[in-house]
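S.K.: Structure below; questions to follow.
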Amino acid sequence: MAMSDLSTPKTTSPFLHSSSRLRLSSKSHLSNQFRHLLLPPLHRTSVSKISCSVSQNNQAPVAVQDNGSVKTKKECYGVFCLTYDLKAEEETKSWKKMINIAVSGAAGMISNHLLFKLASGAVFGPDQPIALKLLGSERSIQALEGVAMELEDSLFPLLREVDIGTDPYEIFQDVEWALLIGAKPRGPGMERAALLDINGQIFAEQGKALNAVASPNVKVLVVGNPCNTNALICLKNAPNIPAKNFHALTRLDENRAKCQLALKAGVFYDKVSNMTIWGNHSTTQVPDFLNARINGRPVKEVITDHKWLEEGFTESVQKRGGLLIQKWGRSSAASTAVSIVDAIKSLVTPTPEGDWFSTGVYTNGNPYGIAEDLVFSMPCRSTGDGDYELVKDVEIDDYLRQRIAKSEAELLAEKKCVAHLTGEGIAYCDLGPVDTMLPGEV
Ligand SMILES: NC(=O)C1=CN([C@@H]2O[C@H](COP(=O)(O)OP(=O)(O)OC[C@H]3O[C@@H](n4cnc5c(N)ncnc54)[C@H](OP(=O)(O)O)[C@@H]3O)[C@@H](O)[C@H]2O)C=CC1
Ligand SMILES: O=C([O-])CC(=O)C(=O)O
């Protein structure tokens, strides 16, 4: 049964003008329904002679030549399938060159919010077509197919390709962005560092895969916890990629800090700027109220309750993630996805004059005396080219210095725990007691 004749120009769906497609990788894990997706993408020059049909044993459309014979080498799925309309292609000439974005843990909670923002153009812009490369595992491959179907049903014009698979060496091929989310989340009462053992391996393997097959200038954002040390593991396993390109997500902490300051000052949160999170994405992180500003004025001038800044404010940001787990039963997902969007946008758009943003970056060459060879959250600025520079002249007083040192010590201890994953010998793990308890927890 022919679903559509693609030799006839269609105008009702944006995808009908696209060369979009969905593919799956890592053949051994696939259900029969999606096996046909393994075949190579359609060749553009022949696409106008191809139509879609539904195969007998499932609902997925299969590419058919206009002479009626099923194409055995180049097949496709649904609206990502195949249409290629010359007029529409003219209209999209103003678009930029497509970029490839890998997302791991793509069937997880955070991704479920993030993928649709990426595909909508809200992150990379309305003239930036994207290909999504979704990494899952055997346990999630069915769910990943479901995610791909929802992306398909969303008819995003900018979403030109979707690949799903379980092998990072296939999924990371030529990616310009890698958003590494897939990792076990913590539960109530757990410290993020308790995930070091379980999650560290994932980031060693994915670092190796990125090193082997990603674009040489790939930007990597590590979200899976403990994200600073996972980012360090990842970059150590990817020596061909500049260490500067690796980030650990601390933007959620920045956003949380801005929210708390705005609440206290009674202003809308867009009035809070220059918010630095120093250190680890953990309870030792340091939300810097000394250098942050409200309506352009130092926070300490606007909020005169300095005891609250040092204690209440700081602790509320440090423990916000844990409190959320306690309330919601699982870790933050929607706000994390929003903060990933913010983190990427901060790298692909110029930073407003006088402001900065926080991201966990490699410490080598930092001007603050923070130990080298760590991934540490610091203030950064970008010209919008995907790269960043550290802000070099932020004031550090004794209060900040002491607390930054505590977070630094924690990261140095985490690093020792993963020495076997960073190529630095035998791991020795002594993280010491950490107060992760929240009011009400035992
Ligand atoms: N940096 C930050 O600010 C934040 C970081 N996080 C972290 O992000 C990560 C993902 O969170 P979220 O999307 O909510 O989690 P989900 O449990 O919804 O999804 C996580 C995905 O990770 C993969 N995974 C890999 N190993 C494991 C494992 N041992 N157990 C469970 N899942 C595993 C799974 O995908 P598959 O089977 O396909 O591999 C799963 O779908 C967590 O590590 C969480 O702590 C969360 C909030 C904020
Ligand atoms: O707290 C967690 O485990 C999840 C997380 O990183 C956060 O919400 O900040």
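S.K.: Tell me which residues, restricted to segment 298-318, are buried (at least 19 other Cβ atoms within 10 Å of the Cβ) and either closer than 27 Å to L195 by Cα or near ligand 2 (Cβ under 9 Å from one of its atoms) (or both).
M.R.: The answer is F313, T314, V317, Q318.
S.K.: In this structure, is P367 outside the structural domain of N112 (by TED's automatic domain parsing), touching a Ser or Thr at 6+ places or on another chain (Cβ under 8 Å) and not acidic (D, E)?
M.R.: No; evaluated as a whole, the condition is false for this residue.
S.K.: What single numbered condition from (1) under 30 Å from the mean Cα position of the chain (by Cα); (2) in contact (Cβ under 8 Å) with a residue 12 or more places away in the chain; (3) away from ligand 1 (no atom under 16 Å from the Cβ) fails to hold for D305?
M.R.: D305 satisfies all of (1) under 30 Å from the mean Cα position of the chain (by Cα); (2) in contact (Cβ under 8 Å) with a residue 12 or more places away in the chain; (3) away from ligand 1 (no atom under 16 Å from the Cβ) except (1).
S.K.: Which condition number in (1) modelled with pLDDT of 95 or more; (2) of a type in the set (V, I, T); (3) part of a helix (DSSP H, G or I) is the one that I101 fails?
M.R.: Of the numbered conditions (1) modelled with pLDDT of 95 or more; (2) of a type in the set (V, I, T); (3) part of a helix (DSSP H, G or I), the odd one out for I101 is (3).
S.K.: Using the structure shown, decide if N255 is in contact (Cβ under 8 Å) with a residue 24 or more places away in the chain, within 16 Å of ligand 1 (Cβ to nearest atom) and closer than 28 Å to T363 by Cα.
M.R.: Here the answer is yes, as N255 does meet what is asked.
S.K.: Just to be sure I understand, how many residues within segment 319-333 are open to solvent by 50 Å² or more (accessible area, probe 1.4 Å) and among the hydrophobic types (A, V, I, L, M, F, W, C)?
M.R.: The number of residues fulfilling the criteria is 3.
S.K.: Something else: Can you list residue pairs whose Cβ atoms sit under 7 Å apart, with the first residue in segment 329-345 being more than 12 Å from ligand 2 (Cβ to nearest atom) and the second being assigned to a helix (DSSP H, G or I) and open to solvent by 40 Å² or more (accessible area, probe 1.4 Å)? Count only pairs 6 or more apart in sequence or on different chains.
M.R.: V341/K117; D342/N255
S.K.: Inside segment 194-211, can you point out the residues that are among the β-branched types (V, I, T) and surrounded by fewer than 18 Cβ atoms within 10 Å (Cβ to Cβ)?
M.R.: Scanning segment 194-211 gives a single hit, I198.
S.K.: Sticking with this structure for a sec: Scan segment 313-322 and tell me whether some residue there is closer than 19 Å to F268 by Cα, part of a helix (DSSP H, G or I), within 20 Å of the chain's Cα centre (by Cα) and within 14 Å of ligand 1 (Cβ to nearest atom).
M.R.: no
The values are calculated or read from the model by the stated rules, or taken from the named source; none is laboratory data. Everything quoted here is computed from the prediction, not taken from an experiment. We place every Cβ from the backbone using ideal geometry, glycine too, and count neighbours over all the protein chains shown. All accessible areas refer to the heavy atoms of the entire protein, side chains included, with ligands and DNA or RNA removed. Shrake-Rupley method; radii C 1.70, N 1.55, O 1.52, S 1.80 Å.
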